[in-house]
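Trainee: First the structure, which I've put down as structure tokens, then a few questions once you've had a look.
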Amino acid sequence: MHQDASHKEWESAPLQWAAVDGTTNLICQKVIQETHDVKTFVFQTPKLSRFNYKAGQFVTLQLEIKGEPVSRTYTISSTPSRPYTLELTIKKVDGGKVSGWLLDNLKEGHRVVATAPAGIFNLADVDADKVLFLSAGCGITPMMSMSRWLQDTCSTVDARFIHSARSEQDIIFHNELELMAKKSSFFSADYVLEDKDGFLTQEKLQQLVPDLHSRTIFVCGPAPYMEAVKVMVAESGFNMDNYHEESFGGEMMPKKEASLVKEGEAGLSVSLQKSGKVGVVNPGDLLIDALEAQKAPVVAACRAGVCGACKVQIIDGEVESSSQMTLTPEEIEQGYVLSCCSTVKSDVAVAV
Ligand code: FES
């Protein structure tokens, strides 16, 4: 059923998302067809609240498709400067069972469960006066959130936006980008269209952005695009400390049914602080498998160490992590790890 905001109790306080394993119910209020294969889903909370996140961050949706629980991470395309809605813009990808299901089935009035916004790929945590947004396809979503934020806050950050798409019809948010460029002398948008211009090259990039080296770069898009952009930017002699990228297309760690060893067998213990449960695993097992086997409240969305959804705090013991991509230095200091890419090395205690 469609929610009527006038009948809702209004909340003045921001929505409080719990830090690690918190989830919130969202109601889909509107579905906008952006291009032939992209839709924006506009969400609100049941009791109207203000969403609190940083432009560029993502949420993880916990869904049930054909009776199977699945989680997927999507970058927020709306801006925290318009806090009463949270928008996800999703493209139907070939073979993508979740994106296809969402585009075909998620309608106005439906509820979904989302985890708290997270991610270090955001504008708030980076100090820059001049930025360059480079995106391709649905990688436009964090850039759109950042651009809308800059526009709404009358920012004087000089922003150049270069978006790659298959054709003009495939440019998501085309009208809005044009409008933003008209309204602000600090913002400009250009497009690299595959059917007209081919792909983005180092030469094209230098032509479009001659002051590339004085900018902080944000990049998001499909893995081959990201790899190509990284190479061309690095080869140009760019200071890669000012290069930030977001990707949800990494190599997924295969999920194991259960990693707990049988009673009586030697192994390492994984203790859950809140529930008091203790499981025994083999050395080298993935922490996420041990946590899932014990039904710990942890979400594994990407299983590739890039989304941050599976973050947990180790209170005691040792794990070895192959990615800390979404963790801040403070979180690492406090013992947080990404459980999807951390293997158990000793008896460990986890704060879940
Ligand atoms: S599930 Fe995405 S980082 Fe672990």
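The values are calculated or read from the model by the stated rules, or taken from the named source; none is laboratory data. Note that the structure is predicted; figures quoted are calculated from it, not measured. Virtual Cβ from ideal backbone geometry, glycine too; neighbours counted across all protein chains shown. In case anyone asks, the SASA skips ligands and DNA or RNA and just uses the protein heavy atoms, side chains included. Shrake-Rupley method; radii C 1.70, N 1.55, O 1.52, S 1.80 Å.
Trainee: Looking at the chain as a GNM with Cα springs under 10 Å, which of LYS196, LYS39, LYS107 has the largest mean-square fluctuation?
Mentor: Answer for the Gaussian network model of the chain: LYS196.
Trainee: Leaving ligands, DNA and RNA out of it, report the carbon-plus-sulfur percent of the accessible area of the chain at a 1.4 Å probe.
Mentor: Numbers: 8290 of 16730 Å².
Roughly 50 percent of what the probe reaches on the chain is carbon or sulfur.
Trainee: If contacts are Cα pairs under 8 angstrom and at least 6 residues apart, what is the relative contact order of the stretch 130-246 in percent?
Mentor: For the stretch 130-246, the relative contact order is 32 percent.
Trainee: Based on the mean of other beta carbon atoms within 10 Å per residue, what is the order of 284-293, 211-220, most packed first?
Mentor: Answer by packing, highest mean first, reads 284-293, 211-220.
Trainee: Can you pull a Stokes-Einstein diffusion coefficient for the stretch 130-246 at 4 °C (1.567 mPa s), Rh from Kirkwood over Cα pairs, as a whole number of µm²/s?
Mentor: Numbers: Rh = 14.2 Å.
Translational diffusion coefficient: 91 µm²/s.
Trainee: Give the cross-link partners of LYS311 among the lysines, using a straight C-alpha distance below 22 Å as the criterion and excluding same-chain residues fewer than 8 apart.
Mentor: LYS54, LYS255, LYS256, LYS274, LYS277, LYS295, LYS345
Trainee: Distance between the C-alpha centers of the stretch 79-102 and the stretch 148-164? Whole Å please.
Mentor: Taking the Cα centre of each part, the stretch 79-102 and the stretch 148-164 sit 21 Å apart.
Trainee: Further question on the same structure: Mean residue ellipticity at 222 nm from the helices of the chain, using -39,500 (n - 2.57) per DSSP H segment of n ≥ 4 over the full residue count, to the nearest 500 deg cm²/dmol?
Mentor: So the calculated ellipticity at 222 nm is -5500 deg cm²/dmol.
Trainee: Please compute the net charge surrounding HIS163, taking Lys and Arg as +1 and Asp and Glu as -1 over other residues with Cβ under 15 Å from its Cβ.
Mentor: It works out to a net charge of -4.
Trainee: Could you work out the relative contact order of the stretch 268-350, using alpha carbon pairs under 8 angstrom and six or more residues apart, expressed as a whole percent?
Mentor: Rounded, it is 39 percent for the stretch 268-350.
Trainee: What is the percent of Cα-Cα separations in the stretch 5-115 that go past 19 Å?
Mentor: Tail of the P(r) past 19 Å holds 43 percent of the pairs.
Trainee: Another one. How big is the convex hull of the Cα atoms of the stretch 268-350, per residue, in Å³?
Mentor: That works out to 76 Å³ per residue.
Trainee: Here is a follow-up. Loop-only check: which GluC sites (Glu not before Pro) in the stretch 162-236 are DSSP coil with at most 11 other Cβ within 10 angstrom?
Mentor: none
Trainee: Rounded to the nearest whole Å², what accessible area per residue is found for the chain with the 1.4 Å probe?
Mentor: 48
Trainee: If amide H atoms are built 1.01 Å from N in the plane of the peptide, which residues on other chains or at least 5 residues away come under 5 Å of the amide H of ILE65?
Mentor: Under 5 Å from the amide H of ILE65: VAL70.
Trainee: Here are some pairs, LYS30/LYS91; LYS130/LYS204; LYS130/LYS183; LYS47/LYS107; LYS47/LYS97; LYS39/LYS66; which of them have Cα atoms lying more than 24 Å apart in this structure?
Mentor: Beyond 24 Å between Cα atoms: LYS47/LYS97.
Trainee: Would you mind estimating how fast the chain diffuses translationally, via Stokes-Einstein at 20 °C and 1.002 mPa s with the Kirkwood radius over Cα pairs, in µm²/s?
Mentor: Answer, rounded: 99 µm²/s.
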